Amino acid sequence: MKSLINGDFSGKIIPVNPGSPEIWGLKAYPSINDYADRINLAIVVVPAKLVPVVFTECVEKGVKGIVLITAGFKEIDDPAGADLHKKIADIVDPAGIPVIGPNTFGMINFHANLNASFTPEFSLLKKGKIALVSQSGGMSHLLGFLAMRADARFSKIIGLGNRLNVDFAEIIDYLMDDSDTNVIMLYMEGIDNPMRFIETVKKHGDKKPVIIYKTGSSEKSDQAAKSHTGSMAGKHKIYEGAFSQAEILVLNSAESLLDTAKAFASSEIPEGPGVAVLSGQAGPGLAACDVCEACGLEIVSFERHTQQNINEYLPPLALRTNPVDMGPAWYNASAQSGIIRAAMNDSNVDAILLLIMFASANANLLRKLSEFLAEFKQNKPIISCILAPPGVWDDDIRHLEESCVLVNYPTPEQAARALANLVKYRSIQFDIKRGTKG
């Protein structure tokens, strides 16, 4: 109730509770059948033993969908849980009612202001183009709270729970046709029908990127996943190979999953691995280069005319080849714009890593650069680490990200890895297409 009300949901909210005539100032009904009008979505939070009765009432009422937060079904170490799981499935399946759950924290549709979860704080997240589908409520919360700090923006967060009749495949079908979603990120522990999931993703081709973080690479993690989700886990390497065949990008941490989703949501995918590293100071540029090369990106040599243009803005003492140390032009927005323009127009360069640190003497630099950077919007991707004390450049960075001019990260290493994952996805696409033609 708190999540729905605090989330500014504009539709009708109908509390159902036989023990209270009013909840949160809203009239409550003893049963769903005591409410005269139709019900589109039922959020069920009752003891497991009462769920069959509630589901029967939902079928009678013609409910269109259910979020079942209650736990105590096939995920528990008791045959009675599996029996109850089958019993409630037999009630809703003939009626064609999709159920998110059981044992889920819920789901959120940000573009509808619908927070059907037990976490009101999720409504603080901003509307965007990232959809998260997770088997774990804990990982959903981890990623959601990280997203608040990273200013990553969501279309949907869906906690699958123990997947009564809505599994990854059904959600993929839905999200591929969802106009509010650009990228689908998945957290997976195990799945009962891996091939069905793979075939569903392959069916949609490269309509939207699908990226995944799957735990279970260690023996203990694999065993725990089977217990936690009540599903098959299995050999991690087999999963990874199957994912690659479906053009699913596999990532190895929650941080990488979110960083990569943020890049896909706002950036074009580079045409190739060639990168120009443009840094206000040498150190961050060198750190970014290490990660780029370790991840398979190329710190390319500039074309002759590009190098000549860059040399005009920097003295010989500076690092003028790639990576470029723009330090001597640190306070000169016009010079930095010229360097960025030269790199952007170089045919060897597929993307730019732009690294700018704040100093009191260049406090107005980003504002002056913003208009120039907007000219190159999506000409070639700009992935950045632009960093300043809290409250100094926040509005400028937010404006650049909201305008899809660049995607910003808190460290050079994170920026480089996010860019590398965009390029890796392009490589996976190319390998699949080449294999098909071959």
In a GNM of the chain with a 10 Å cut-off on Cα contacts, which of Ala294, Ala246, Ala89 has the highest mean-square fluctuation?
-> Ala294
When a footprinting reagent is the concern and you count Cβ atoms within 10 Å, what order do Trp330, Trp24 take, fewest first?
-> Trp24, Trp330
So how much slack lies between Lys202 and Tyr331, counting 0.36 nm per residue of separation and subtracting their Cα-Cα distance, in nm?
-> 41.5 nm
Can you tell me the order of 261-268, 369-376 when each peptide is scored by its average per-residue count of other Cβ atoms within 10 angstrom, highest first?
-> 261-268, 369-376
Exposure proxy ranking, count of Cβ atoms within 10 Å, fewest first, for Ser136, Ser31, Ser117 = Ser31, Ser136, Ser117
For Ile428, Ile386, Ile184, Ile14, order by how many other beta-carbon atoms lie within 10 Å, fewest first = Ile14, Ile428, Ile386, Ile184
Straight distance only, please: which aspartates and glutamates reach the Cα of Lys380 with their own Cα at less than 14 Å, same-chain residues fewer than 8 apart left out?
-> Glu268, Glu271, Asp346, Asp350
Within straight-line cross-link reach of Lys126, lysines at Cα separation under 20 Å, skipping those fewer than 8 residues along the same chain | Lys2, Lys156, Lys262
Gyration tensor on Cα atoms of the stretch 268-427, a ≥ b ≥ c root eigenvalues, a/c under 1.5 rounded, else prolate if a/b beats b/c, else oblate, says rounded
Kirkwood calc, the stretch 68-186, C-alpha pairs only, radius in angstrom 14.8
Order by protection proxy (mean Cβ within 10 Å, highest first), peptides 238-245, 156-163 | 156-163, 238-245
Mean Cβ-within-10 Å packing, highest first, puts peptides 275-282, 54-61, 73-80 in the order 275-282, 54-61, 73-80
Label assignment, Rg and Dmax of the Cα atoms in Å derived from the structure, set (i) 25.0, 81; (ii) 26.5, 84; (iii) 21.2, 67 | (i)
Quick one: among Tyr213, Tyr35, Tyr187, which has the greatest mean-square fluctuation in a GNM of the chain with alpha-carbon springs under 10 angstrom?
-> Tyr35
Antiparallel bridges, percent of DSSP beta bridges restricted to the chain (to nearest 5) = 15
Under 17 Å from the Cα of Lys87 - lysines, other chains or at least 8 residues apart | Lys49, Lys74
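Every number here is computed from the coordinates shown, using simple stated rules; none is lab data. On a predicted model such as this, the values are computed, not experimentally measured, just so you know. Don't worry about glycine lacking a Cβ; one is built from the backbone with ideal geometry, like all the others, and counts go over all protein chains shown.
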